[in-house]
1. Do the conditions hold for Ile175, that is, is it surrounded by 16 or more Cβ atoms within 10 Å (Cβ to Cβ), in contact (Cβ under 8 Å) with a residue 24 or more places away in the chain and either small (Gly, Ala, Ser) or within 23 Å of His106 (Cβ to Cβ) (or both)?
2. Would the stretch 106-117 turn up any residue that is modelled with pLDDT of 95 or more, outside any loop (DSSP other than H, G, I, E, B) and surrounded by fewer than 23 Cβ atoms within 10 Å (Cβ to Cβ)?
3. So which helices (runs of 4 or more DSSP H) are wholly in the stretch 145-232 and hold at least 1 residues that are under 13 Å from Phe33 (Cβ atoms) and basic (Lys, Arg)?
4. Among Lys140, Lys168, which is the only one that is under 25 Å from Trp68 (Cα atoms), among the charged types (D, E, K, R), modelled with pLDDT of 90 or more and out of contact with any Lys or Arg (no Cβ under 7 Å at 6 or more places or on another chain)?
5. Output the residue which, of all residues in the stretch 46-79 that are in a strand (DSSP E or B) and farther than 30 Å from Leu199 by Cα, is modelled with the lowest pLDDT.
6. Tally up the residues in the stretch 140-154 that are surrounded by 12 or more Cβ atoms within 10 Å (Cβ to Cβ), aliphatic (A, V, I, L, M) and in contact (Cβ under 8 Å) with a residue 24 or more places away in the chain, please.
7. Can you pull out the residues in the stretch 5-41 that are surrounded by 13 or more Cβ atoms within 10 Å (Cβ to Cβ) and in a strand (DSSP E or B)?
8. Taking Leu138 as the residue in question, decide whether it is within 27 Å of Lys105 (Cα to Cα), of a type in the set (A, V, I, L, M) and touching a Ser or Thr at 6+ places or on another chain (Cβ under 9 Å).
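The values are calculated or read from the model by the stated rules, or taken from the named source; none is laboratory data. Because the structure is predicted, anything quoted here is derived from the model rather than measured. Methodologically, a virtual Cβ is constructed for each residue, glycine included, from the backbone with ideal geometry; neighbour enumeration extends over all protein chains shown.
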Amino acid sequence: MKFTQTVEPAVEKPLIIAAMQDMGNVGNIVIDFVNKSKKTVPFRRAESTEMSYVLDKGGHIEIPKEGWDYRYNQNLIVFGGGAGQPKTTEELHELCRDVISVAKKHSVKFIYTVGGFHTTRIIHDEPKAFITTTSQDLSKQLERMDVSMTPTKSVITGFNGLILGYAKMNDIYGIGLYGELSDPSIPQYRAAKSIIKTLEKLTYQSFGSTQELDILANDIDKKMRSGWKVDY
């Protein structure tokens, strides 16, 4: 990984929200929404230096540039969003360690991550946002806030799981919010909306109107009814 610092963020004991693209695109939808809502400013960039594929442009190839930004606004640092995750285990762990390094530098006490929670339940209403944390004591505190904890044991892979492990190892409170979804192959805007509303409750911050996510979710519904297939 290559890390480039462009400016020192003017923050004081911020919280971090960090997530990357995952099933249903939930992680990057939430991050991109928060960045837009809070009008965050970039201050650091992480770029992959490992090549796992090339792009055939029709007669010639190009090497893809994969990177993710750290952004800030007042008492908030946001990392990730965009497309993809590091393709190698080594880069994934290096990226997690860098997030922890940024957190320690700015005296961060809480790291939040978000993602999708695959369920076989038919979701008739708004999807639930399930929470897991880095300690039983923290989970007990959150249960008093009328939120839903993850209902079963599971393995959380990728950045949106590993970052909680790194937070725990470095004595930083970690909270994962995972939006319920039944089809991980399509963008899940309602699951993202559920997470954002829960984030507001936990962080005492407002992220503004989520009407845009409702519109995008309705658009996906219309496409699915017309036989639309996701083109990855």
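1. Yes.
2. Yes - at least one qualifying residue is present in the stretch 106-117.
3. 189-203
4. Step by step, each of Lys140, Lys168 is checked, and only Lys168 is under 25 Å from Trp68 (Cα atoms), among the charged types (D, E, K, R), modelled with pLDDT of 90 or more and out of contact with any Lys or Arg (no Cβ under 7 Å at 6 or more places or on another chain).
5. For the stretch 46-79, the residue satisfying everything is Leu55.
6. So the count comes out to 2.
7. Result: Leu15, Ile16, Ile17, Ala18, Ala19, Val41.
8. no
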